[in-house]
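First the structure, in the form of structure tokens, and then the observations on it.
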Amino acid sequence: MGPMIDDDIMPVFLINGFLEAGKTEFLSVTMEQEYFQTEGKTLLIVCEEGDTEYDEGLLKKSRTSVVSVDDMGQISPERLTELELLYNPERVLIEWNGMWNQDDLKLPSDWTIYQQITIVDMSTFELYVKNMKSLLAAMVRNSELIICNRCDGIEDLERYKRMLKSMNTKCDIVFEDENGEIDEISEEDLPYDLSRDVVEIGPEAYGIWYIDCMDKPERYRGKTVEFTAMALKSPEFPKNYFVPGRMAMTCCAEDMTFLGYICKSKEARRLETGQWVRVQARVEVEYWKDYQGEGPVLYAESVVPAAPIEEVVQFG
């Protein structure tokens with residue numbers, strides 16, 4: 001599971017999701033995989049009683065001990081250190097209770113969350129978005145991988161994907177139905193026409209464009225886009241660079257972020273932060289240090305003043 005782990009660190013794999021999302025099934029399948037087999041022991045901490053039990057034979061084969069807790073107070077750093085001494089595991093899996101706020105989890109100083117996976121039952125997703133958006137956002141925010149299961153017959157997957165991506169632009173998202181993984185949604189479903197010489201991105205489509213371009217930059221490489229945005233300048237940007245972007249509400253009113261891509265423009269030095277502009281730019285995919293790798297870099301063909309857009313970005 002990933003690169004070599006430092007011997008002095010206890011790696012924690014955190015699996016979260018709401019009750020009955022399918023966490024136990026996911027962990028059971030994972031424990032049977034070859035890559036999951038290790039020499040040492042595994043400690044599995046289960047934080048809620050689900051409908052599915054772990055198979056005793058599988059636990060024995062994978063040298064896994066299970067400890068159940070039903071109260072957050074039972075997993076203090078002191079208690080976790082005791083469990084480490086008692087079971088002497090090589091790694092720890094935590095099946096997290098989706099109703100507990102993950103921000104309250106305190107680990108011993110030499111334990112580190114090595115990977116976090118969130119399991120989402122898409123048949124009840126709308127319900128959680130409406131009623132528990134901040135809990136959902138807390139789960140998704142730190143996940144490297146989100147597995148969306150039970151997608152059978154759900155039409156709105158692309159909209160849901162954008163909602164999840166808006167909470168965490170860096171994560172991978174996998175959709176599954178009863179036959180396994182589902183292929184991605186096509187270009188035809190986008191609210192703008194990518195075959196045009198200049199792809200006009202309306203104010204209501206900005207969030208969709210931002211997420212899709214982050215997710216599938218190759219789709220946009222070499223294309224010219226046009227949109228209205230607010231300029232962001234920083235002394236840390238190289239000369240002739242600025243970020244045109246817009247404020248977006250990813251979860252609740254307190255959770256506002258500025259979404260935009262770095263843009264090279266000879267107009268950049270004349271711009272001030274907060275100024276609204278209409279940008280026409282070619283999209284390239286290049287290394288940029290803030291992306292910690294490759295990502296969309298815009299090359300402006302024109303940047304002209306524009307009227308402000310009052311609304312915050314939507315992802316629906």
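The values are calculated or read from the model by the stated rules, or taken from the named source; none is laboratory data. Since the structure is predicted, the reported quantities are computational estimates derived from the model, not experimental observations. Please note: Cβ atoms are built from the backbone with ideal geometry, for glycine as well, and neighbour counts cover all protein chains shown. Surface areas here come from the heavy atoms of the whole protein model, side chains and all, with no ligands, DNA or RNA. Shrake-Rupley method; radii C 1.70, N 1.55, O 1.52, S 1.80 Å.
For region 193-218, the set of residues classified as farther than 19 Å from SER166 by Cα and free of Cβ contacts under 8 Å to residues at least 60 places away in the same chain consists of ASP193, LEU194, SER195, ARG196, ASP197, VAL199, GLU200, listed by residue number. Of all the criteria given as (1) farther than 27 Å from ASP8 by Cβ; (2) part of a loop (DSSP other than H, G, I, E, B), the one not satisfied by LEU58 is (2).
Against the criterion of being open to solvent by less than 60 Å² (accessible area, probe 1.4 Å), hydroxyl-bearing (Ser, Thr, Tyr) and either at pLDDT below 95 or touching a helix residue (DSSP H, G or I) at 6+ places or on another chain (Cβ under 6 Å) (or both), SER234 qualifies. Cβ-Cβ distances below 7 Å connect the following pairs, each with a first residue in region 298-311 that is farther than 19 Å from LEU259 by Cβ and modelled with pLDDT of 95 or more, a second residue that is open to solvent by less than 70 Å² (accessible area, probe 1.4 Å) and among the hydroxyl-bearing types (Ser, Thr, Tyr), and a separation of six or more residues or different chains: GLU301/THR224. Residues in region 152-173 that are more than 27 Å from MET256 (Cβ to Cβ) and surrounded by fewer than 14 Cβ atoms within 10 Å (Cβ to Cβ): ASP152, GLY153, GLU155. Out of the residues in region 266-316 that are among the hydrophobic types (A, V, I, L, M, F, W, C) and not in a strand (DSSP E or B), which is farthest from ASP212 (Cα to Cα)? Applying the filter and picking the extreme gives LEU271.
Tell me yes or no: at least one residue of region 205-216 is of a type outside the set (A, V, I, L, M) and part of a strand (DSSP E or B). Scanning region 205-216, I find no residue that is of a type outside the set (A, V, I, L, M) and part of a strand (DSSP E or B), so the answer is no. Quick check, is ILE147 in contact with a Leu (Cβ under 9 Å, 6 or more places away or on another chain), outside any loop (DSSP other than H, G, I, E, B) and open to solvent by less than 30 Å² (accessible area, probe 1.4 Å)? Answer is no for this residue. Of the residues in region 92-123, how many are of a type outside the set (Ser, Thr, Tyr), in a strand (DSSP E or B), open to solvent by less than 40 Å² (accessible area, probe 1.4 Å) and closer than 17 Å to ALA138 by Cα? Adding up the residues that qualify gives 7.
Look at TYR160 and say whether it is under 18 Å from the mean Cα position of the chain (by Cα), closer than 27 Å to ASP290 by Cα and either not hydrophobic (A, V, I, L, M, F, W, C) or not in a helix (DSSP H, G or I) (or both).
Values: under 18 Å from the mean Cα position of the chain (by Cα): yes; closer than 27 Å to ASP290 by Cα: yes; either not hydrophobic (A, V, I, L, M, F, W, C) or not in a helix (DSSP H, G or I) (or both): yes.
For TYR160, the condition - under 18 Å from the mean Cα position of the chain (by Cα), closer than 27 Å to ASP290 by Cα and either not hydrophobic (A, V, I, L, M, F, W, C) or not in a helix (DSSP H, G or I) (or both) - is met.
Only one of the numbered conditions (1) open to solvent by 80 Å² or more (accessible area, probe 1.4 Å); (2) outside any loop (DSSP other than H, G, I, E, B); (3) at pLDDT below 90 is violated by LEU85, and that is (3). I'd like the residue in region 61-82 that is in a loop (DSSP other than H, G, I, E, B) and open to solvent by 60 Å² or more (accessible area, probe 1.4 Å) and, out of all such residues, is nearest to LEU107 (Cα to Cα). Among those residues, the one meeting the criterion is ASP71. Considering region 258-285, and only residues there that are farther than 15 Å from ALA229 by Cβ and open to solvent by less than 60 Å² (accessible area, probe 1.4 Å), the residue that is farthest from the chain's Cα centre (by Cα) turns out to be GLU284. Answer yes or no: is there a residue in region 225-234 that is at positive phi and of a type outside the set (Phe, Trp, Tyr). No - not one qualifying residue is present in region 225-234.
This table checks each residue for (1) at pLDDT 85 or above; (2) in contact with a strand residue (DSSP E or B) (Cβ under 8 Å, 6 or more places away or on another chain).
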{"residue": "ASP7", "(1), (2)": "no, no"}
{"residue": "PRO11", "(1), (2)": "yes, yes"}
{"residue": "GLU25", "(1), (2)": "no, no"}
{"residue": "GLN37", "(1), (2)": "no, no"}
{"residue": "LYS41", "(1), (2)": "yes, yes"}
{"residue": "THR52", "(1), (2)": "no, no"}
{"residue": "LEU59", "(1), (2)": "yes, yes"}
{"residue": "MET72", "(1), (2)": "yes, no"}
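One residue alone among GLU204, GLU236, GLU218 is within 21 Å of GLU294 (Cβ to Cβ) and out of contact with any strand residue (DSSP E or B) (no Cβ under 8 Å at 6 or more places or on another chain), and that residue is GLU236.
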